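Engineer: Quick one: structure below, then a few questions.
We did not get these values from a lab; they are worked out from the coordinates using the rules stated. Since we're looking at a predicted model, the values are computed, not measured. Every residue, glycine among them, receives a Cβ derived from its backbone with ideal geometry; neighbour counts consider all protein chains shown.
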């Protein structure tokens with residue numbers, strides 16, 4: 001797991017959920033997350049990493065740790081920026 005990505009994504013969750021000091025084990029739903037908050041987080045992910053993830057990504061990976069791994073997998077599967085252009 002990429003420590004920089006954990007830090008960045010944790011900050012996104014903190015911003016969207018309005019809480020501070022989250023750990024990788026924190027659960028999106030236990031923190032009061034819903035589809036509107038998930039959409040905010042996914043918009044931040046898109047802006048930072050250039051991938052368009054679906055809501056299911058956060059619902060299927062509800063801890064920061066799981067979500068970071070899933071985002072990493074999405075990044076690995078995404079076409080490289082500028083490739084083939």
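Engineer: Within the group 66, 54, which residue is under 20 Å from residue 3 (Cα atoms) and either under 11 Å from the mean Cα position of the chain (by Cα) or buried (at least 17 other Cβ atoms within 10 Å of the Cβ) (or both)?
Structural biologist: Criteria check complete, one pass: 66.
Engineer: Kindly evaluate residue 11 against the criterion of being out of contact with any helix residue (DSSP H, G or I) (no Cβ under 7 Å at 6 or more places or on another chain), free of Cβ contacts under 8 Å to residues at least 24 places away in the same chain, surrounded by 11 or more Cβ atoms within 10 Å (Cβ to Cβ) and under 17 Å from residue 1 (Cβ atoms).
Structural biologist: Yes: the conditions hold for residue 11.
Engineer: Pick from segment 29-44 the residues that are in contact with a helix residue (DSSP H, G or I) (Cβ under 6 Å, 6 or more places away or on another chain) and touching a residue at least 24 places away in the same chain (Cβ under 8 Å): which of them is farthest from residue 60 (Cα to Cα)?
Structural biologist: 44
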